1. Would you please classify the overall shape of segment 458-513 from the alpha carbon gyration tensor, given that a ≥ b ≥ c denote the square roots of the eigenvalues, rounded means a/c under 1.5, and beyond that prolate means a/b larger than b/c while oblate covers the rest?
2. Set the Förster radius R0 to 35 Å, insert the Cβ-Cβ distance between residue 104 and residue 311 as r into 1/(1 + (r/R0)^6), and round the FRET efficiency to 0.05.
3. Using each residue's phi in segment 286-291, evaluate 6.51 cos²θ - 1.76 cosθ + 1.60 at θ = phi - 60° and report the 3J(HN,Hα) Karplus result to the nearest Hz, with x for Gly and Pro.
4. Could you tell me which of the pairs 311/503; 443/503; 145/382; 382/443; 101/311 are separated by over 31 angstrom between their Cα atoms in the structure shown?
5. Hey, can you grab everything whose amide H is under 5 Å from the amide H of residue 169? Only 5+ residues off in sequence or another chain; H modelled, so Pro and N-termini drop out.
6. Non-local amide H neighbours of residue 499 (under 5 Å, H modeled in plane, Pro and chain starts lacking H): which ones?
7. Can you work out ³J(HN,Hα) from phi for every residue in segment 423-430, in order, using Karplus 6.51 cos²θ - 1.76 cosθ + 1.60 and θ = phi - 60°, giving whole Hz and x for Gly and Pro?
8. Among the aspartates and glutamates, select those whose C-alpha is under 13 Å from the C-alpha of residue 262, and discard any that sit fewer than 8 residues away in the same chain.
Amino acid sequence: MFAGSNVVRPLPCGRGSLWIGYSPRMAKVRRSFVCNQCGSVSPRWMGKCAECGAWDSLEEVAGSAAGGGGVDGSGQRDPQRGLAEGWAAEGEIAAGNPEAKRLNEIEPLDMPRLGTGIGELDRVLGGGLVPGSTVLIGGEPGIGKSTLMLQAAGRLAAEGRAVLYVTSEESAQQIQMRAKRIEDHGRGARSTAEAKKQAGGGELFILADTNLARIFAQAGRIRPAVMVIDSVQMIYNASVDASPGSMTQLRRCCMELVFLAKTTGMAIALVGHVTKDGQVAGPRLLEHLVDAVLYFEGDRYHAHRIVRGVKNRFGTTLEIGLFEMSEAGLREVVDPSGILSSDPARNQPTPGSVVVPAMQGTRCFMVEVQALTAAGILGAAKRRVSGLDANRLSMILAVLEQHGGLRLADQDVFASVVGGMRVAEPAADLGLALAVAGSHLRKRIEPAMAALGEIGLSGEVRRVSQMEQRLREAARLGFRRAIVPAGAVEGVRAGAIGLTEVKSLSAAMEVLR
Ligand code: TYD
Ligand code: MG
């Protein structure tokens, strides 16, 4: 029954015996498949990753390459040290094994953050690049990642820092042309010194290469404070037997770069492409390796862009940075009211449109929430959102049916936030509810009125945080009234804005004319 040299032993088990077969040959077969989306390891190929559900994402890897964390079980040299090890000889890298220390004995890191000089980017980073850290910047092709990185590199260089910009997709001449474009257009408006500051030139080095060893060699020569790798998907380590862009290559290259950053104190920015569904292409695994992950969002057919932090070991992920793509590269948008909502003094509100003071990190933006209802099919009505939470919309529709007297079951409902912003906070509930109700009833909200409040399941309007800041921002932008939860403004200095306090959604709907 059991062939060859297999060892079969009977194992006492109740009344009978359980036979355990052991085949030495079986143990040797080490094929494993790694998902190039989430990095999970599976012993056999499957069309769909069991972990993350991605289709056709499993790649076969040989033996230990699939092992977790890059630690080589054979007791050999740590593979992630690979290329960076070369620097150890020069005393750059602390040699020897690290020792456990008491928490209060650890020397604090007194290296200041490297401000990129681009306020909106620094804000998302939490104040600038942290020396020794690695940041991943993801975004769709053509969104402006290279432009932003080149501008940041230029500014850092103008501050007198050595910056190495590695381009693995374009030639050095193409980068030069882009830098010139940013510089030339800037010159008209600013002084030459300032224009130079924007596009750089001083200590900015450009390297067009894809080989990691050669990149390390150049970095060793220049010793930059900041290195940009644009893009990380194109570089490869020649000692790894896998094609560039594959899961294995990407992981190895990224690990070596993270190790280089940690050991030399260099800040490294990695640029990565994202797939259609918005993930950094290939590995979500990269996100675990780096210290911060920023996403460049926005419609490439519109001028403005949003940089959002989704992970940050040195700061909050609540902040966003706003930019506008112009002839002269990316321009910071410091006061975005014009793009996110229409001017309340000049424009009459339309049915289905309500402006909400929404918090994004520490800032408040006036964002326009829009909704449209249209006749649909009962039982198969569509509900679509853009920039809002779909579950939140479903809940609000149910509350509108139960407590607002609307019949929406046979209505398709579309809701979106203007300007590509994302508003997830419940404070926008009332605005969204009024937008849906307004569209359905063909009624509009009072002119120059903003709405603020969370909606509970029993139709009550609940209080929200940061009332004062939100009302101040609304008043600053010309809103004359705000509809707010009752009692929420006690002790709040509302300033120049009039308040309509409401307890319930049905009361709030009275402001619709
Ligand atoms: P790019 O930074 O190359 O995008 P990515 O690296 O994310 O793929 O630039 C994208 C677009 O921006 C490109 O279509 C051209 C446009 N652009 C401007 O409009 N103005 C400029 O000054 C620059 C440099 C680019
Ligand atoms: Mg690019």
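1. Cα axes put segment 458-513 in the oblate bin.
2. My answer for the efficiency is 0.80.
3. The phi angles translate into 4, 4, 6, 7, 8, 8 Hz.
4. Violating the 31 Å limit, Cα to Cα: 311/503; 145/382.
5. It is 231, by chain and number.
6. For residue 499, whose amide H was placed from the backbone, the distant partners under 5 Å are 482.
7. 10, 9, 6, x, 4, 8, 3, 5
8. 85, 92, 291
Coordinate-derived values only; no laboratory data. The structure presented is a predicted model; accordingly, all values stated were derived computationally and were not measured. Cβ atoms come from the backbone with ideal geometry, glycine included; neighbour counts cover every protein chain shown.
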